[in-house]
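What follows is a short report on a single structure.
The values are calculated or read from the model by the stated rules, or taken from the named source; none is laboratory data. Not measured: the values here are computed from a predicted model. Cβ coordinates were reconstructed from backbone atoms using ideal geometry, including for glycine residues, and neighbour counts include every protein chain displayed.
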Amino acid sequence: MIRTHWLFGDQLGPVFTAADDGGPPADAPLLMIESRSVFRRRRFHRAKAHLVLSAMRHRAAELGDRVSYVKADSYREGLRKAVGRKPVTVHHPTSRAAAALVTSLGNVTVLPPRGFLVSREEFASWADTHGHGGLRLEQFYRHVRREHDLLMDGGEPAGGRWNLDHDNREPPPQGVRKLGAPAPYRPREDDIDAEVRHDLDRWERAGDVSFVGRDGPRRFPASRREALAALRRFVEYRLAGFGAHEDAMLAADPALSHSLLSAPLNLGLLHPAECVERAEAAWRAGEAPLNSVEGFVRQIAGWREYVWHLYWYFGEEYRRSNALRHTAPLPSWWDELDADAVTARCLSTALRQVRDTGWTHHIPRLMVLGSYALQRGWDPEALTDWFHRSFVDGYDWVMLPNVVGMSQYADGGRMTTKPYTSGGAYIDRMSDLCGDCRYRPDRRVGEDACPFTAGYWSFLHRHRDLLRGNVRTAGPVSGLDRLRDLPELLRQEHDRGDRAP
Ligand code: FAD
């Protein structure tokens, strides 16, 4: 008897129905379950709820009669409705909660995960050999490049260097409001989107679910066809400019040359292999410079794969890591994405981008939003949940290492060698956000003290014993002793409390 194959909402590309390598047979009936309780459990960004539902319904429309699309209160109920106790297969889900659910159901056979370059076994064997002094992205990335023959010339990295990061940290060009990259791909909404919007309105009106953020026209691909068009547009028009200003921020140009591919990648609509292969082909054809292509390949074949494997490797307890003992709750203006309540221009700009689109690039996430929360000692688990709910590309596996480890240093350095935070000078150098701001990046105290500059010193002070012992932070910590205005700065920070800066 052919078993039904179940597709989760982030398993929407062709790789999840391919029969090769132990996948479901080509004629296996398919099942998709739209579970309402997912949206009740968390207060998601509405654009994210829209994107996920739209993408699931687009996939169901493509699959036609082959799929049963079940709307249910929970996965359990949906499965019971669709197949009763009959046996079902599913590719390994991407979250621990979903993995625990499918193994608890009794009638579900779990097939290996799909949608990544590196298998669980390959990562485990790499970590066993290299993990003794602590796992590091750079080593893992070189392993992936070698083993998967990405951007390699024989046994050597193409162009002679593994890492072109130092070419990719340019501030924005002086005096420009926009980088001038060709616009990213924008999908056109269709009847399925109209139906999704209608359903979300109805659920909200009934008080069944509640969302945050704006659900403007959909900005991210919801089908394989749209995802391929977005990839093509990026590689042909935007990849060449990706590298140099990867870390820059411009108020009027949120996307710069970033790919905006995280959402379709995380929905399973694109496979990472096709993204990096097309980027490499563009370099080999002389259509994009190596620093841009290497930077992009590093993000996908390096960071994305690394984060996926660390999620499983670090274990269930990782989500509760709190090495800095940060316990402050998130203030309501933050939770509500109330960008208008914020005066500091960098923070209001980042929060506005999240409110309006559910997306910002990696530097506003790390060096503005994450850094602000770290400096104020906010609870890392609550912050992880906020990122998960508020970003269109947020999923448990990708949020945990990025927020708990990378952004909040809550894992005490398993993921990074030092906490990522800075004063306003970094934001000023890398953006056009400080010029018109009411606060001054070079001021620590007083009416116009930059909340990031004051927050940075206050954070170092709070953790000086820990950070003094880290070679990468010992220097700044010793700088604290030269700050005559430290008591005033600390008083001011205390008085600010959790008010929006
Ligand atoms: P690009 O800059 O064009 O990069 C290309 C691709 O590389 C991305 O699409 C993404 O798939 C991958 N990538 C790059 N960095 C990472 C990373 N650190 N982890 C995983 N993949 C990466 N990414 C998510 O996909 N989902 C998240 O929920 C998420 N949360 C983050 C939270 C914080 C605090 C930080 C610092 C980073 C987070 N990232 C997350 C990583 C990164 O910020 C986004 O992947 C990226 O900004 C998405 O925009 P893009 O597609 O234009 O990326």
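Only one of the numbered conditions (1) in a helix (DSSP H, G or I); (2) touching a residue at least 40 places away in the same chain (Cβ under 8 Å); (3) within 26 Å of Asp393 (Cα to Cα) is not met by Arg76, and that is (2). Here Leu200 clears all of (1) in the same structural domain as Ser259 (by TED's automatic domain parsing); (2) over 30 Å from Met367 (Cβ atoms) except the condition numbered (1).
Among residues of segment 271-299 that are closer than 24 Å to Ser119 by Cα, those with a Cβ under 8 angstrom from a residue that is more than 10 Å from the ligand (Cβ to nearest atom) and of a type in the set (S, T, N, Q), sequence gap 6+ or separate chain, pair up as Glu294/Asn163; Gly295/Asn168; Arg298/Asn163. Could you please let me know if Trp312 is in contact (Cβ under 8 Å) with a residue 40 or more places away in the chain, within 9 Å of the ligand (Cβ to nearest atom) and under 30 Å from Pro14 (Cβ atoms)? Spelling it out, it is not the case that Trp312 is in contact (Cβ under 8 Å) with a residue 40 or more places away in the chain, within 9 Å of the ligand (Cβ to nearest atom) and under 30 Å from Pro14 (Cβ atoms).
Scanning segment 180-212 for residues being in contact with a His (Cβ under 8 Å, 6 or more places away or on another chain) and either modelled with pLDDT under 95 or assigned to a strand (DSSP E or B) (or both) gives a total of 1. Is segment 232-255 home to any residue that is within 18 Å of Gly295 (Cβ to Cβ) and touching a Cys at 6+ places or on another chain (Cβ under 7 Å)? No; the residues of segment 232-255 include none that is within 18 Å of Gly295 (Cβ to Cβ) and touching a Cys at 6+ places or on another chain (Cβ under 7 Å). When Ser321, Ser348 are checked against the criterion of being hydroxyl-bearing (Ser, Thr, Tyr), in contact (Cβ under 8 Å) with a residue 60 or more places away in the chain and closer than 22 Å to Phe459 by Cβ, a single residue qualifies: Ser321.
Within segment 293-329, the set of residues being surrounded by fewer than 17 Cβ atoms within 10 Å (Cβ to Cβ) and among the hydrophobic types (A, V, I, L, M, F, W, C) comprises just one member, Ala328. Is segment 389-406 home to any residue that is in the same structural domain as Ala255 (by TED's automatic domain parsing), near the ligand (Cβ under 9 Å from one of its atoms) and among the aliphatic types (A, V, I, L, M)? For segment 389-406, residues in the same structural domain as Ala255 (by TED's automatic domain parsing), near the ligand (Cβ under 9 Å from one of its atoms) and among the aliphatic types (A, V, I, L, M): absent.
Candidates are the residues of segment 221-246 that are in contact with an Asp or Glu (Cβ under 8 Å, 6 or more places away or on another chain) and over 13 Å from Ala181 (Cα atoms); the one that is nearest to the ligand (Cβ to nearest atom) is Leu231.
Inside segment 407-418, residues that are surrounded by 18 or more Cβ atoms within 10 Å (Cβ to Cβ) and within 12 Å of the ligand (Cβ to nearest atom) make up a count of 5. Among the residues making up segment 412-437, a single one is under 19 Å from Arg376 (Cβ atoms) and charged (D, E, K, R): Lys418. Within segment 351-378, the only residue that satisfies the criterion of being in a loop (DSSP other than H, G, I, E, B) and either without any contact (Cβ under 8 Å) to a residue 24 or more places away in the chain or over 15 Å from the mean Cα position of the chain (by Cα) (or both) is Gly377. Taken over segment 419-462, residues that are within 16 Å of the ligand (Cβ to nearest atom) and either at pLDDT below 95 or farther than 22 Å from His326 by Cα (or both) amount to 4.
Can you work out which of the residues in segment 103-130 that are in contact (Cβ under 8 Å) with a residue 60 or more places away in the chain and over 24 Å from the mean Cα position of the chain (by Cα) is surrounded by the most Cβ atoms within 10 Å (Cβ to Cβ)? Per the stated criteria, the residue is Val108.
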